[in-house]
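Asks: Quick one: the structure is below, and I'll ask about it shortly.
The values are calculated or read from the model by the stated rules, or taken from the named source; none is laboratory data. Note that the structure is predicted; figures quoted are calculated from it, not measured. Positions of Cβ are generated from backbone atoms using ideal geometry, with glycine treated the same way; all protein chains shown enter the neighbour counts. All accessible areas refer to the heavy atoms of the entire protein, side chains included, with ligands and DNA or RNA removed. Shrake-Rupley method; radii C 1.70, N 1.55, O 1.52, S 1.80 Å.
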Amino acid sequence: MGHSGAAKADIMTKILVDGVEVDVPPELTLLQACEAAGAEIPRFCYHERLSIAGNCRMCLIEVKVGGKSGPKPVASCAQQVKDLPPPRDNLLNELVTRGATVEKARKGVMEFLLINHPLDCPICDQGGECDLQDQSVAYGRGGSRFDENKRAVEEKFMGPLVKTVMTRCIQCTRCIRFATEVAGVSELGATGRGEDMEVTTYLEASLSSELSANVIDLCPVGALTSKPYAFNARPWELTKTESVDVMDALGSNIRVDARGDAVLRVLPRVNEGVNEEWISDKTRYAEDGLSRQRLDRPYIRENGKLRAASWGEALDATAKALSGDAKKIGAIAGDLACAESMKATLDLFRALGSPNTDCRADGAAVGGTRQSYLFNSTIAGIDQADAILLIGANPRLEAPVLNARIRKAWLRGAEIGVIGDTADLTYRYTHLGDAIGGNHAFLDTLKNAQRPMVIVGAGALARDDGAAVLRAAGKLAAGANVVRGDWNGFNVLHTAASRVGGLDLGFLPGEGGKSAREMLKGGLDTLLLLGVDEVELPKAGTVIYLGTHGDAGAHRADIILPGAAYTEKEATWVNTEGRVQYGRRATFPKGDAKEDWAILRALSAVLGKTLPYDTLGALRQKMIADHPTFGQVDYAPGATDASNFNVAGIGGDGPVSNAPLRTAITDFYLTNPIARASKTMAECSRLRAGVSAKVAAE
């Protein structure tokens with residue numbers, strides 16, 4: 001992997017960079033040393049998260065030893081500071097990043113790169129954010145001396161997400177290295193040599209990784225671009241909003257690019273503690289589902305049919321449905337509910353006297369102390385782990401970016417064990433059977449590890465014996481000494497973006513209240529759903545659906561209150577490691593739809609139980625006052641309270657059934673209403689299932 005500068009502070013090397021003296025760790029490459037000193041080095045093939053190829057030669061610099069230059073410029077990405085010869089004549093080694101020699105070398109390299117590059121910037125989707133454009137202006141010649149014919153390369157098919165124009169390829173091999181090293185799916189390679197070299201997929205197949213579209217961000221030219229976004233917009237037309245992803249519980253940091261009221265694309269933002277700089281294909285491409293199948297006005301069911309209604313009518317009907325016996329009304333929060341909507345719902349239902357509230361729509365047996373449902377070692381903590389046991393989890397489908405972290409730990413030597421489904425996780429692991437219990441040599445590996453980690457998946461907890469499975473996992477973790485003073489290696493990997501926020505708010509059954517599983521069996525007069533679509537809903541009783549899409553919940557609903565999607569509201573999300581993050585509004589809600597908390601605030605006034613906040617700021621203040629963890633923005637607690645965590649005492653009593661542990665997700669691309677409304681995700685799902693015949697290269 002790329003070299004990090006995490007060397008010990010006491011071992012430093014003194015060098016000169018453009019005449020300025022700097023101390024740098026000897027493990028740094030010359031390129032990193034120059035950048036540490038503030039010099040800018042152009043590059044195409046070098047990327048700090050990938051192995052070093054050293055094949056574009058754009059990062060050439062001059063190295064002076066004893067005041068004298070070497071015979072030729074040096075590729076700064078492929079040599080480390082410790083590889084420099086010892087200083088001579090009491091003169092420090094100097095790296096020269098500016099000057100006639102370097103300038104001439106870079107102009108020559110750029111000229112070679114442009115020999116075969118087509119001049120199609122006006123129709124290229126990379127235009128305006130292209131490394132080749134930027135660096136040819138900054139470091140290239142004003143004209144070209146070549147008048148030979150340019151080569152052309154046959155197009156490749158890489159699936160429904162990545163558009164290829166391989167004639168533009170400059171063979172930097174970033175995409176090949178990403179697919180092999182980070183995604184762990186060796187599906188890209190190069191054929192031919194010299195001018196005939198071509199980057200291609202093996203056997204003209206679609207890329208199968210859930211992280212495949214990150215090659216679009218990595219590609220420094222327009223060879224790999226986004227197929228769904230092709231010819232839609234130029235980067236300077238878009239308004240860019242920094243937000244948080246809700247497609248899984250990882251809370252990846254994203255940038256939402258919108259034009260008018262349409263979200264046109266989603267890109268990753270760098271956050272070393274969460275997603276580094278990758279996002280999953282679902283995060284990136286489910287955005288077209290935001291404009292399809294939308295609920296844009298209230299509806300009321302009359303004589304078996306839904307009819308459009310005004311907000312006044314809908315709120316009156318909802319208030320009437322909720323004003324009966326408080327023990328006979330309940331609320332369930334779905335996977336995409338934000339913390340604000342859950343807080344408003346919880347306050348309203350407690351004011352009405354109802355204890356029936358639950359955020360665990362799938363019936364997962366989580367709750368209690370905060371450490372018992374968090375990813376305690378933090379996502380970044382995976383980098384330190386040397387033994388990892390997965391229980392009923394398939395991180396490749398549940399959190400692909402987190403899976404890439406586990407693969408990175410495996411590459412560094414971490415041993416992986418799996419209890420549950422056998423699946424291709426992109427790394428080798430020891431399979432310990434598909435049910436928890438029994439003895440296995442891997443458990444000794446876990447005990448003897450410096451940084452052991454247990455990851456319990458949502459599939460293991462959303463069963464009838466989920467509480468007992470959690471207790472068994474806790475006992476296993478305690479036996480392997482997974483929780484100690486400075487390390488808490490007991491982790492729960494959630495699949496729902498709303499789950500940890502709901503648990504932090506205490507969106508659980510009150511005293512004598514019914515759980516989601518009990519409410520869904522029926523018996524209530526009225527059930528309020530905050531976007532619940534993935535479970536079987538009761539046939540009897542009134543169902544009020546507050547959500548964004550015409551999915552399963554809306555089909556069953558008697559009253560529909562149209563809410564705002566995650567890109568259409570200011571909202572708080574808590575990821576699986578307990579990190580509180582703010583999502584920002586990129587576009588406005590569709591039609592007559594309103595922000596969820598505002599609907600609940602209006603409803604409370606109609607019910608005569610007016611909630612004590614009129615603005616988002618006031619709601620957040622109350623949320624933080626009632627639950628202080630919401631004030632700790634962008635902070636993952638990690639092992640801060642490990643000494644008070646009795647990991648063996650979590651979960652509940654009862655026998656663990658012999659039923660095999662299954663992963664919570666079967667189809668990665670269709671896990672929520674936004675993804676199910678997306679044409680791109682439907683196409684990916686079809687391809688994955690092998691239903692559609694392979695499409696010819698376009």
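Asks: Would you point out the residue of the range 212-231, among those that are open to solvent by less than 10 Å² (accessible area, probe 1.4 Å) and of a type in the set (A, V, I, L, M, F, W, C), that is nearest to the chain's Cα centre (by Cα)?
Replies: A213
Asks: Run down A393, A351, A365 and say which single residue is assigned to a loop (DSSP other than H, G, I, E, B), touching a residue at least 40 places away in the same chain (Cβ under 8 Å), hydrophobic (A, V, I, L, M, F, W, C) and open to solvent by 20 Å² or more (accessible area, probe 1.4 Å).
Replies: A365
Asks: Going through the range 177-199 one residue at a time, which ones are open to solvent by 30 Å² or more (accessible area, probe 1.4 Å), at negative phi, not hydroxyl-bearing (S, T, Y) and not in a loop (DSSP other than H, G, I, E, B)?
Replies: Within the range 177-199, E181, A190, E195, D196, E198 meet the criteria.
Asks: I've got another one for you. Within the range 255-307, count every residue that is assigned to a strand (DSSP E or B) and open to solvent by 50 Å² or more (accessible area, probe 1.4 Å).
Replies: Total meeting the criteria: 8.
Asks: Just one of (1) more than 18 Å from A618 (Cβ to Cβ); (2) touching a residue at least 60 places away in the same chain (Cβ under 8 Å) trips up A564, so point out which.
Replies: Every listed condition holds for A564 apart from (2).
Asks: Return a yes/no flag: does the range 523-540 have any residue that is in a strand (DSSP E or B), touching a Leu at 6+ places or on another chain (Cβ under 6 Å) and crowded, with 24+ Cβ neighbours inside 10 Å.
Replies: Yes; the residues of the range 523-540 include at least one that is in a strand (DSSP E or B), touching a Leu at 6+ places or on another chain (Cβ under 6 Å) and crowded, with 24+ Cβ neighbours inside 10 Å.
Asks: Scanning the range 200-211 for residues that are in contact with a strand residue (DSSP E or B) (Cβ under 7 Å, 6 or more places away or on another chain) and of a type in the set (S, T, Y), which turns out most open to solvent (accessible area, probe 1.4 Å)?
Replies: Y202
Asks: For A39, work out the one condition from (1) in contact with a Ser or Thr (Cβ under 6 Å, 6 or more places away or on another chain); (2) open to solvent by 70 Å² or more (accessible area, probe 1.4 Å) it doesn't fulfil.
Replies: The number of the failed condition is (2).
For (1) within 34 Å of the chain's Cα centre (by Cα); (2) more than 25 Å from Q133 (Cβ to Cβ), each residue gets a yes or a no:
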{"site": "L31", "(1), (2)": "yes, no"}
{"site": "E40", "(1), (2)": "yes, no"}
{"site": "E48", "(1), (2)": "yes, no"}
{"site": "S51", "(1), (2)": "yes, yes"}
{"site": "Q79", "(1), (2)": "yes, yes"}
{"site": "K82", "(1), (2)": "no, yes"}
{"site": "E111", "(1), (2)": "no, no"}
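Asks: With V633, V580 as the choices, which residue is open to solvent by 50 Å² or more (accessible area, probe 1.4 Å), in contact with a strand residue (DSSP E or B) (Cβ under 6 Å, 6 or more places away or on another chain), more than 26 Å from M519 (Cα to Cα) and aliphatic (A, V, I, L, M)?
Replies: Going through V633, V580 in turn, the sole match is V633.
Asks: Kindly establish whether V606 is open to solvent by 50 Å² or more (accessible area, probe 1.4 Å), farther than 25 Å from A467 by Cβ, in contact with an Asp or Glu (Cβ under 8 Å, 6 or more places away or on another chain) and hydrophobic (A, V, I, L, M, F, W, C).
Replies: In short, yes.
Asks: Output the qualifying pairs, or none if there are none: Cβ atoms under 8 angstrom, residues six or more apart or on different chains, first residue in the range 433-456 and on the phi > 0 side of the Ramachandran plot, second residue in a strand (DSSP E or B) and at pLDDT 85 or above.
Replies: G433/I419
Asks: Take the range 216-250 and flag every residue that is among the polar types (S, T, N, Q) and assigned to a strand (DSSP E or B).
Replies: Scanning the range 216-250 gives T225, S226, T239, T241, S243.
Asks: Please state which one of R145, R151, R168 is in contact (Cβ under 8 Å) with a residue 24 or more places away in the chain and surrounded by 21 or more Cβ atoms within 10 Å (Cβ to Cβ).
Replies: None of the others qualify; the one that does is R168.
Asks: Write out, first by first residue and then by second, each pair whose Cβ atoms fall under 6 Å of each other, whose residues are 6+ apart or on separate chains, and whose first residue, in the range 633-652, is under 11 Å from G485 (Cβ atoms) while the second is in a loop (DSSP other than H, G, I, E, B) and acidic (D, E).
Replies: Between residues of the range 633-652 that are under 11 Å from G485 (Cβ atoms) and residues that are in a loop (DSSP other than H, G, I, E, B) and acidic (D, E), the close pairs are A639/D486.
Conditions tested, residue by residue: (1) assigned to a loop (DSSP other than H, G, I, E, B); (2) among the charged types (D, E, K, R); (3) more than 30 Å from K282 (Cβ to Cβ).
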| residue | (1), (2), (3) |
| --- | --- |
| V102 | no, no, yes |
| A105 | no, no, yes |
| G108 | no, no, yes |
| E111 | no, yes, yes |
| P118 | yes, no, yes |
| Q135 | no, no, yes |
| E148 | yes, yes, yes |
| G159 | yes, no, no |
| I170 | yes, no, no |
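Asks: Kindly establish whether T239 is among the hydroxyl-bearing types (S, T, Y), open to solvent by 10 Å² or more (accessible area, probe 1.4 Å) and at pLDDT 90 or above.
Replies: yes
Asks: Filter the range 320-348 for residues that are over 38 Å from the mean Cα position of the chain (by Cα) and in contact (Cβ under 8 Å) with a residue 24 or more places away in the chain; which is surrounded by the most Cβ atoms within 10 Å (Cβ to Cβ)?
Replies: Top of the filtered list is A321.
Asks: Could you tell me which residue of the range 61-106 is farthest from K14 (Cα to Cα), considering only residues that are of a type in the set (S, T, Y) and surrounded by fewer than 19 Cβ atoms within 10 Å (Cβ to Cβ)?
Replies: Out of the qualifying residues, it is T101.
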